[in-house]
Every structure is written in C-alpha cells, then in structure tokens.
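Okay, structure first, notes after.
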Amino acid sequence: ALYSQTDTMGWQKGALGSLNFSQTALVNWAEGGENSITGTALLGLFAKYRSKLTYWYNTLDLAYGLTGIDFDDVRKNDDNIDFITSYCRYAFGKFYYSGLLNFKSQFAPGYTYPNDTDVVSRFLAPGYLTVAAGLTWSPKKYFSLFFTPISGRFTFVTDEELSNTGAYG
C-alpha cells in the first residue's frame, strides 16, 4: 500500500537545506584547467497528509548556484524551482485513484555562455506545468506505479521577446 497502518495520521512536514561551497586553485599545473569558486544553495520542503482513505504528498525543491571562473567570470550553474503535489484516494485492492500536478521553472535569466548578453531563459520562460490523472498501484510500501491515461504538459513563455523568437515552442 502507499502507506502502512503504522504511518502517522494527519500532517507530517519537513525541510532540508544546504549551502555548498567549493574552490579549485591550480598553481604550476601543466595539464591546464581553470581556477574557480562555486556556491550553491538548496532547499527541499515536504508536507504529506494521511487519513484512512487518502494520501496527499507535496514537495518543493529549490536550488540556485553560481560559479566564478578564474575568479572574475560569474555564471549560473544551478537554477531550479520544482513543485510536485500528488493526491491518492483508495479505490480497491492495492489501487488508488490518483492525481498529480508538477510545476517547473527557474529563478534567474539564463545565457548560452560565453555569450552573457542574450537571455535565453528566465522565470516562467519557460515554465512547465504537468497535470495527470489515473490509478496508482502500490503492492508494497516502498513501491508504487502510477498509470496515467490522462495527462497534459503545458509550456509557458511569459517573456514576449523569447516568445516572439519561438523559444520553447
């Protein structure tokens, strides 16, 4: 099943965050390479709800990182907004009626480096929304399979300049 009888009823919430830093410094290195410094911030949030007949799971994953190449050329190396909500209601046996919504985008403008003047992406350009409905089969607590005969993926390009160039469809 999606959960066992020993799972806690009601809401459970949690978070995980991290700040990561790294540095590469090359001195008298004959094989080549570049000095760099990198910083990345990650945040993961979840909230799940369980009752006797329903299970609702929500996650929000955020990431943003920068890299300084040779300590002067700063570039984005990670930029992610990812929200998932999944709702399941008991149907029969080991099957649950299920719905899923997934939203993805980014925080800051993106470029095709080394060109850092022409923006190729930004928040909601693109933005992706996936909606799906179907049945979840869950024979074990640690395994489930989502059958989705009905689904759709929508792409948003809210930046008119990028939209006019035909970026992202």
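Results, tabulated for the structure shown:
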read-out	value
Lone unmet requirement of (1) exposed (fewer than 14 other Cβ atoms within 10 Å of the Cβ); (2) in contact with a Phe, Trp or Tyr (Cβ under 7 Å, 6 or more places away or on another chain) for G17	(2)
Yes/no for S121 being among the polar types (S, T, N, Q), farther than 18 Å from G152 by Cβ, surrounded by 15 or more Cβ atoms within 10 Å (Cβ to Cβ) and touching a residue at least 40 places away in the same chain (Cβ under 8 Å)	yes
Which numbered condition G39 fails, given (1) farther than 24 Å from G166 by Cα; (2) surrounded by 15 or more Cβ atoms within 10 Å (Cβ to Cβ); (3) in contact with a Ser or Thr (Cβ under 7 Å, 6 or more places away or on another chain)	(3)
All positions within segment 126-169 that are under 20 Å from the mean Cα position of the chain (by Cα) and in a helix (DSSP H, G or I)	none
Selection status of F71, of a type outside the set (K, R) and either open to solvent by less than 60 Å² (accessible area, probe 1.4 Å) or at pLDDT 90 or above (or both)	no
Filter result for L19 (over 30 Å from V157 (Cβ atoms) and at pLDDT 95 or above)	yes
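The values are calculated or read from the model by the stated rules, or taken from the named source; none is laboratory data. Here the structure is a predicted model, which means the values were calculated and not measured. With ideal geometry, Cβ positions are generated from the backbone for all residues, glycine too; neighbour counts draw on all protein chains shown. The accessibility values were calculated without ligands, DNA or RNA, using every heavy atom of the protein model including side chains. Shrake-Rupley method; radii C 1.70, N 1.55, O 1.52, S 1.80 Å.
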